[in-house]
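Enquirer: Here you go, one structure.
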Amino acid sequence: MNQQKQHDDALTDIFGSEQMLDPAPAQFIPKGKTRPEIAYQLVKDETYPQTQPRLNLATFVTTYMDEYATRLMNEAIDVNYIDETEYPRVAVMCGRCINIIANMWNTPEQNEWKAGALGIGSSEACMLGGVAAWLRWRKRRQAEGKPFDKPNLVMSTTFQVVWEKFCQLWQIEMRTVPVTLEHTTLDPEEALAACDENTICIVPIAGVTWTGLNDDIEALDKALDAYNQKTGYEIPIHVDAASGGFILPFLNPDEKWDFRLKWVLSISTSGHKYGLVYPGLGWVVWKDKKYLPDEMAFSVNYLGANITQVGLNFSRPAAQILGQYYNFIRLGYEGYREVQQNSMDVATYCHDEIGKMNCFRNYADKLVNPLFIWYMDEEYDKQSKWTLYDLQATLQQSGWMVPAYTLPKNLEDVIVMRIVVRQGMSRDMADMLLGDIRNAVAEFEKLEYPTPSRLKYEKSERQKGRVYTHTHQC
Ligand SMILES: Cc1ncc(COP(=O)(O)O)c(C=O)c1O
């Protein structure tokens, strides 16, 4: 490329090397080799301008672990969980984590090893819970000599995308119950109205991705019990507790949402969300071994012993299990409670401060998880020259990722913004964020003309008959 360039040798500086002048490989594996320090720099620099993970308030996933946890996980980076024969203690540790989580969710199971499985995240854990419910339903239908070709699943329209995947992949009809601005969570009666003999399970959510709220699982269980008695069906509940599974036991231990409820037969969560472990870790637990169908356990004999495994993936990292078990020992119940309470307090502080700004309205009055959403005040919105998408873009310039998005079906006109507070977000950081939000709004208020995103938004709103005047100040 550069005519005057000498051939690189070991003494050539990374940024004096020819590779730094070459385009990055995008289609084909390069013909030749690259010195490791140069390859490292190239890959590292590719990710250099990305958001700092701890400023990413869009994600639910852990972005901070302490030094010992990080060390343990790095030291286990070469361990494949599936090789249980070579690393039997990792399998034992995984079983202990399942036991601890099952007991945290008040399992009645008395066996030494509780029925559960590891996942790469909540998605795999949800799929396993869903498949078990489907297989149990199918077996019952077969035994009764009834058709089993039209299974369905019931949940609210605020489902996470994994449930859409589950229903598509396993060809299960998805029946959704709309939430509204008045009824912000799954309505038990409406959920039951959507059920019939082909319903494999109802899936309430603890920690709704879109809103941060919890479905009322106790009320659902009560209504479902009466419904099952009346109809003779045995429709169970799988709780998608991706976020709430590690919040409720610490911050609201008396709330009944878990295995204390009659029809809750399985629960899934993300170890890598409020379980406080780096990604990818999920857990699913069944109330008893009898609810985990035998067909879901596969045995292989080529790993040096007969290994039985429940899961969609085969090979998977073991490091996350060490991280989870370390956290249980390091923090204990009290430590988890303190960390989750701090996240809740910081989230509540942000929620209150945002609620004080004229231009915003909080979606809910009270937080039940350390995350919340807000939208633009209706009156302010009529006269505003900017949108929450503009605010997202402005905050991104200071490194924050605070997503703006529209709510799901039925509420798709509502643009909201969400903050997920996790371990690693201090009050001081919250003040920095709030300062950046206030500054951004102050700049927007000086605008003479609407932003392009505002014009686009108004165009679509005008088509619905809405009127705008651009005079309002926040
Ligand atoms: C309610 C809910 N279910 C499932 C998932 C999927 O979780 P994961 O990213 O751990 O696969 C999420 C992720 O945000 C979620 O919020």
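Enquirer: Here is a check on your reading of the model: is Trp374 open to solvent by less than 30 Å² (accessible area, probe 1.4 Å), part of a strand (DSSP E or B) and over 24 Å from Gln50 (Cα atoms)? Explain how you work it out, then say what you get.
Expert: Details: open to solvent by less than 30 Å² (accessible area, probe 1.4 Å): yes; part of a strand (DSSP E or B): yes; over 24 Å from Gln50 (Cα atoms): yes.
Taking the combined requirement at face value, the residue satisfies it.
Yes/no per residue for (1) over 19 Å from Leu213 (Cα atoms); (2) within 14 Å of the ligand (Cβ to nearest atom):
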position: Ala242; (1), (2): no, yes
position: Leu261; (1), (2): yes, no
position: Ser268; (1), (2): no, yes
position: Tyr274; (1), (2): no, yes
position: Gly282; (1), (2): yes, yes
position: Ala319; (1), (2): yes, no
position: Gln341; (1), (2): no, no
position: Met344; (1), (2): no, no
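Enquirer: Going through region 313-329 one residue at a time, which ones are in contact (Cβ under 8 Å) with a residue 60 or more places away in the chain and surrounded by fewer than 15 Cβ atoms within 10 Å (Cβ to Cβ)?
Expert: Those that are in contact (Cβ under 8 Å) with a residue 60 or more places away in the chain and surrounded by fewer than 15 Cβ atoms within 10 Å (Cβ to Cβ): Asn313, Phe314, Ser315.
Enquirer: I'd like the full set of residues that are within 12 Å of Ile415 (Cα to Cα) and touching a strand residue (DSSP E or B) at 6+ places or on another chain (Cβ under 7 Å), limited to region 363-390.
Expert: Tyr363, Ile373, Trp374, Tyr375, Met376, Asp377, Thr387, Leu388, Tyr389
Enquirer: Still on this structure, please answer the following. With respect to Lys385, determine if the residue is part of a loop (DSSP other than H, G, I, E, B) and at pLDDT below 95. Even if it seems obvious, please write down each step before you answer.
Expert: Values: part of a loop (DSSP other than H, G, I, E, B): yes; at pLDDT below 95: no.
So Lys385 fails the test.
Quick grid of which residues meet (1) over 30 Å from Asn342 (Cβ atoms); (2) part of a helix (DSSP H, G or I); (3) touching a Pro at 6+ places or on another chain (Cβ under 9 Å):
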{"residue": "Glu412", "(1), (2), (3)": "yes, no, no"}
{"residue": "Asp428", "(1), (2), (3)": "no, yes, no"}
{"residue": "Met432", "(1), (2), (3)": "no, yes, no"}
{"residue": "Arg438", "(1), (2), (3)": "no, yes, no"}
{"residue": "Val441", "(1), (2), (3)": "no, yes, no"}
{"residue": "Glu448", "(1), (2), (3)": "yes, no, no"}
{"residue": "Ser453", "(1), (2), (3)": "yes, yes, no"}
{"residue": "Lys456", "(1), (2), (3)": "yes, yes, no"}
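Enquirer: Of all the residues that make up region 97-137, how many are basic (Lys, Arg) and either at pLDDT 95 or above or within 16 Å of the ligand (Cβ to nearest atom) (or both)? Give the derivation first.
Expert: Step one: list which residues in region 97-137 are basic (Lys, Arg), which gives 114, 136.
Checking which are either at pLDDT 95 or above or within 16 Å of the ligand (Cβ to nearest atom) (or both) leaves us with 136.
Selection size over region 97-137: 1.
Enquirer: So which residues in region 232-279 are at positive phi and without any contact (Cβ under 8 Å) to a residue 24 or more places away in the chain? Write out each step before concluding.
Expert: So in region 232-279, the residues at positive phi come out as 232, 276.
Hit for region 232-279 is Gly232, nothing else.
Enquirer: From the list Leu407, Leu395, which one is within 23 Å of Ser460 (Cβ to Cβ), surrounded by 19 or more Cβ atoms within 10 Å (Cβ to Cβ) and under 25 Å from the mean Cα position of the chain (by Cα)? Before the answer, list the steps.
Expert: On the way: Leu395 fails: within 23 Å of Ser460 (Cβ to Cβ).
Going through Leu407, Leu395 in turn, the sole match is Leu407.
Enquirer: Take the residues of region 142-163 that are assigned to a helix (DSSP H, G or I) and in contact with a helix residue (DSSP H, G or I) (Cβ under 8 Å, 6 or more places away or on another chain): which is farthest from the ligand (Cβ to nearest atom)?
Expert: Trp163
Enquirer: Something else: I'd like to know if region 210-231 contains one or more residues that are of a type in the set (Phe, Trp, Tyr) and free of Cβ contacts under 8 Å to residues at least 40 places away in the same chain. Let's see the steps before the verdict.
Expert: From region 210-231, those of a type in the set (Phe, Trp, Tyr) are 210, 227; that's our starting set.
Next, only the ones that are free of Cβ contacts under 8 Å to residues at least 40 places away in the same chain stay: 227.
Among the residues of region 210-231, at least one is of a type in the set (Phe, Trp, Tyr) and free of Cβ contacts under 8 Å to residues at least 40 places away in the same chain, which makes the answer yes.
Enquirer: Based on this model, can you work out whether Ala226 counts as closer than 23 Å to Leu411 by Cβ and either polar (S, T, N, Q) or modelled with pLDDT of 95 or more (or both)?
Expert: Numbers: closer than 23 Å to Leu411 by Cβ: no; either polar (S, T, N, Q) or modelled with pLDDT of 95 or more (or both): yes.
Against the criterion (closer than 23 Å to Leu411 by Cβ and either polar (S, T, N, Q) or modelled with pLDDT of 95 or more (or both)), Ala226 does not qualify.
The values are calculated or read from the model by the stated rules, or taken from the named source; none is laboratory data. This is a predicted model, so every value here is computed, not measured. Cβ: placed from backbone, ideal geometry, glycine included. Neighbour counts: every protein chain shown. The protein model used for the area step is the full one, side chains on, heavy atoms only, and it has no ligands, DNA or RNA in it. Shrake-Rupley method; radii C 1.70, N 1.55, O 1.52, S 1.80 Å.
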